[in-house]
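J.: To start, I am sharing the structure in question, which I have written as structure tokens.
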Amino acid sequence: MNPHPANQKTENVPRLDGKELPGMQHKYRETVLFFPSEGQYCHAFCTYCFRWAQFTSVGSSQTFKSGNGEQLRDYLVRTPQVKDVLFTGGDPMVMSPEVLSSYLEPLIEGPGAPQNLDTIRIGSKSLAWWPYKYTTDPEAKDILALFEHVVRSGKQLAFQAHFSHPRELEHPVAQQAIRNVRMTGAQIRGQAPLIRHVNDSPEIWRDMWNLQVKLGIIPYYMFVERDTGASHYWNVPLARAHEIFSEAYSGLAGTARTVRGPSMSASPGKVGVIGTDTIAGEKVFLLQFWQARDPKWIGRVFLAKYDPHATWLSDLTPAFGDKEFFFESRYREIVEMTKEGSSGQLLT
Ligand SMILES: *Cc1c(COP(=O)(O)O)cnc(C)c1O
């Protein structure tokens, strides 16, 4: 069991005046992750969850969390390259409207609010697992009013909604919740991991993305199951993952082709599997950085030797007998800089 895959504990830590900030991660230049203390549990208990250390008994030493919304604001103000903050957990939507508001308010109101911040994202499974939060719960009205208030402030409010299966979108209460959230002006993007035994077929993903578009959700990411937890049971080989993605994608209208996948959240960045091919007699995977510790890597395509059993970037070796992938020496440099107390994500 690997509680924090992709070196999150050591390589993503933001600092202010030389001091490490708890409950935040800053890996990609434009986006900061924030883990509010009261949001470190979830409506769902997905046995494949890569955040399991946040809300199981491994102990509080393994939990990312912060109760300090002012510190988040100060970091954002002092780090002008950040455009986007993502509230995550656990699930931030387990919080009451009052508590959620205490975190959001400093980011949108008053002279101290970060002008550089364009978007507040909330990563949540609640639209699938507790849609009543936005329909009949006593706090539903206050939650929706808070969302509308954020939108009226001029910043974008966007849900990163975890939907793993079309079945979760078929429930009439889920559909009502989605409408209610969208009516506040908030956007909803759909993302999920590809999980063997649960959603490992192209039909499931095609049906899910089509239904998302019909409901006004923007299909966003198909993730590869991470190298954490009981991944040997859930993971799908990259070759099969790419087949499932491509078959599903080819059956979509253009409006649903906003989705990218399969995507690995690995230490150097988010790496997409964009194809397989035979080049100069060698069968290869075509890979692409969609996010990267060094922004210069973004969009760059690189090749790995085809391996039908590989399930993660670390299983792959460079094509054509190359010793290393193009990014590896630079990545080592960045890790060294991080150890010395400078932040790799501040690279320009
Ligand atoms: C996925 C991820 C993000 C957000 O990436 P987007 O491509 O902007 O959705 C931010 N930080 C970390 C550490 C991530 O893994």
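J.: If you take every residue apart from P268 with its C-beta less than 15 Å away from the C-beta of P268, what net charge results, scoring Lys and Arg +1 and Asp and Glu -1?
T.: +1
J.: For the stretch 61-183, with only Lys/Arg (+1) and Asp/Glu (-1) charged at the beta-carbon, what is the dipole magnitude about the Cα centre, in debye rounded to 20?
T.: It works out to roughly 300 debye.
J.: Each residue of the stretch 65-75 in turn: what ³J(HN,Hα) in whole Hz from Karplus with 6.51, -1.76, 1.60 and θ = phi - 60°, glycine and Pro shown as x?
T.: 6, 8, x, 10, x, 5, 5, 4, 4, 4, 5
J.: Right, here's the next one. Provide the convex hull volume over Cα atoms per residue for the chain, in Å³.
T.: Spelled out: Cα convex hull of the chain, divided by residues, is 133 Å³.
J.: Using Cα pairs closer than 8 Å and at least 6 residues apart in sequence, work out the relative contact order for the chain, in percent.
T.: 14 percent
J.: To continue, here is another question. Could you state the number of Å between the C-alpha centres of the stretch 124-152 and the stretch 255-287?
T.: Taking the Cα centre of the stretch 124-152 as reference, the centre of the stretch 255-287 is 36 Å away.
J.: For the stretch 16-28, what does the Karplus curve 6.51 cos²θ - 1.76 cosθ + 1.60, with θ = phi - 60°, yield as ³J(HN,Hα) per residue in whole Hz, taken in order and with x for Gly and Pro?
T.: For the stretch 16-28, the Karplus curve yields 10, 6, x, 9, 5, 9, x, x, 9, 10, 9, 10, 9 Hz.
J.: Same structure again: If Lys and Arg each add +1 and Asp and Glu each add -1, what is the summed charge of the other residues whose beta carbon sits under 13 Å from the beta carbon of S246?
T.: Once all neighbours under 13 Å are counted, the net charge is +1.
J.: Still on this structure, I have one more. Debye sum, Cα scatterers, the stretch 42-174, no solvent: what log₁₀ I/I(0) at q = 0.11, 0.12, 0.19, 0.22 1/Å?
T.: Reported log10 I(q)/I(0), two decimals: -0.44, -0.52, -1.20, -1.40.
J.: While we're on this one: What ³J(HN,Hα) values, in whole Hz, does the Karplus curve 6.51 cos²θ - 1.76 cosθ + 1.60 give for the stretch 6-11 when θ = phi - 60°, with x put for Gly and Pro?
T.: Karplus values, whole Hz, x for Gly and Pro: 6, 6, 4, 5, 10, 9.
J.: What FRET efficiency, computed as 1/(1 + (r/R0)^6) with R0 = 30 Å and r the Cβ-Cβ distance, is obtained for I298 and E247, rounded to the nearest 0.05?
T.: After rounding, the FRET efficiency stands at 0.65.
J.: Arrange C49, C42 by Cβ neighbour counts within 10 Å, fewest through most, would you?
T.: Placing the least packed residue first, the sequence is C49, C42.
J.: Contour minus end-to-end for K305 and Y132, with contour as 0.36 nm per residue of separation and end-to-end as the Cα-Cα distance?
T.: Net length gain for the segment: 57.5 nm.
J.: With each label point set 7 Å from Cα along the Cα-Cβ vector, what nm distance links V335 and E70?
T.: Placing both labels 7 Å beyond Cα along the Cβ direction yields 3.8 nm.
J.: May I pose another question? Between E324 and I279, what FRET efficiency follows from the Cβ-Cβ distance if R0 is 25 Å, with the result rounded to 0.05?
T.: Efficiency at R0 = 25 Å is approximately 0.85.
J.: Alpha carbon centre of the stretch 230-251 versus the stretch 290-332: separation in Å?
T.: Centre-to-centre (Cα) distance: 19 Å.
J.: Which cross-chain or sequence-distant (5 or more) residues have an amide H under 5 Å from the amide H of L16, H modelled 1.01 Å from N in plane?
T.: Amide H neighbours of L16: L21.
J.: Hey, fewest Cβ within 10 Å first, where do H197, H162 land in order?
T.: Placing the least packed residue first, the sequence is H197, H162.
J.: Each label point is 7 Å from the Cα along the Cα-to-Cβ direction; what then is the distance between the points at A230 and E139, in nm?
T.: 3.1 nm
J.: Would you mind telling me which residue in A186, A177, A230 has the biggest mean-square fluctuation in a Gaussian network model of the chain, where springs connect alpha carbons within a distance under 10 angstrom?
T.: Of the options given, A230 has the highest mean-square fluctuation.
J.: Could you give the radius of gyration (one decimal) and Dmax (whole number) of the Cα atoms in the stretch 192-348, in Å?
T.: When restricted to Cα atoms, the stretch 192-348 yields Rg and Dmax of 16.6, 49 Å.
J.: Among S102, S263, S124, S201, rank each residue by its count of other Cβ atoms within 10 Å, from fewest to most, as a rough exposure measure.
T.: Fewest-to-most Cβ neighbours within 10 Å comes out as S201, S102, S263, S124.
J.: Could you check the simple spin-label distance between T258 and T10, using points 7 Å along Cα→Cβ, in nm with one decimal?
T.: 3.8 nm
J.: Okay, next question. Mind giving me the FRET efficiency for S314 and E148? R0 is 56 Å, r the Cβ-Cβ distance, nearest 0.05 is fine.
T.: 0.80
J.: Give me the distance between the Cα centres of the stretch 154-189 and the stretch 63-120, rounded to whole Å.
T.: Computed from Cα coordinates, the inter-centre distance equals 21 Å.
Read the figures in this text as sums done on the coordinates, not as results from a lab. Small disclaimer: the values here were computed from a predicted structure and weren't measured. Note: ideal-geometry Cβ built from the backbone for every residue, glycine included; neighbour counts use all protein chains shown.
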